[in-house]
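Reading through the structure tokens given below for one structure.
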Amino acid sequence: MTILQGSCHCGATKFEVQEAPESVTCCTCSYCSKRGSLWAYYTPDQFRLTTPVEDVATYQWNSRLIKHHFCATCGCSTYCESPDFRSGAPDFEHPRLSVNARLFDDFDLDAVPLETIDGKNLW
């Protein structure tokens, strides 16, 4: 099993995932486009926060279905927790984590396909 590590700019928020993403997603919703994140998706058991959760801040807006986490010190957008939306409706039985792939250590983002989600018009 390959473990990929990542961290925010200041290093106060660190995490690891069990494998490199096969693709990353650019969402065009107002939040994601302003943050500039590229998302890699995982199940909760594939993600591990390796620093204290107290160092993580959370922002929820509108429907409050998605927890947008960011470093409480430097503000880097780190990961999100949400229901699975792939069927079009929120599936609370199958939560997903979106990890900001820009924060992975020693990972070549150009080596994986980039998919765009039209979040600006979907939600």
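The values are calculated or read from the model by the stated rules, or taken from the named source; none is laboratory data. Given the structure is predicted, the values throughout are model-derived calculations rather than measurements. All Cβ positions, even for glycine, are placed from backbone atoms using ideal geometry, and neighbour counts span all protein chains on display.
Candidates in region 110-123 are the residues that are at pLDDT below 95 and within 11 Å of Trp39 (Cα to Cα); of these, the one that is surrounded by the most Cβ atoms within 10 Å (Cβ to Cβ) is Ile117.
Would region 1-24 turn up any residue that is modelled with pLDDT under 95, polar (S, T, N, Q) and surrounded by 15 or more Cβ atoms within 10 Å (Cβ to Cβ)? So far as region 1-24 goes, no, none of its residues is modelled with pLDDT under 95, polar (S, T, N, Q) and surrounded by 15 or more Cβ atoms within 10 Å (Cβ to Cβ). The residues on offer are Cys71, Cys26, and the sole one that is within 23 Å of Ala89 (Cβ to Cβ), touching a residue at least 60 places away in the same chain (Cβ under 8 Å) and in contact with an Asp or Glu (Cβ under 9 Å, 6 or more places away or on another chain) is Cys26.
Filtering Arg102, Arg86, Arg64 for residues that are at pLDDT 95 or above, of a type in the set (D, E, K, R) and out of contact with any strand residue (DSSP E or B) (no Cβ under 8 Å at 6 or more places or on another chain) leaves a single hit, Arg102. Screening the candidates Arg96, Arg35 for the property of being closer than 21 Å to Asn121 by Cα and among the basic types (Lys, Arg) yields one hit, Arg35.
The residues of region 47-65 that are under 14 Å from the mean Cα position of the chain (by Cα) and under 23 Å from Glu19 (Cβ atoms), listed by number, are Phe47, Arg48, Leu49, Val56. Just so you know, in region 46-105 the residues that are of a type in the set (Gly, Ala, Ser), closer than 29 Å to Gly11 by Cβ and touching a Phe, Trp or Tyr at 6+ places or on another chain (Cβ under 9 Å) include one that is surrounded by the fewest Cβ atoms within 10 Å (Cβ to Cβ), and it is Ala57. Of the strands (runs of 3 or more DSSP E) that lie entirely inside region 8-101, those containing 1 or more residues that are under 16 Å from Ile117 (Cα atoms) and of a type outside the set (Val, Ile, Thr) span 24-27, 39-42, 77-84, 91-100.
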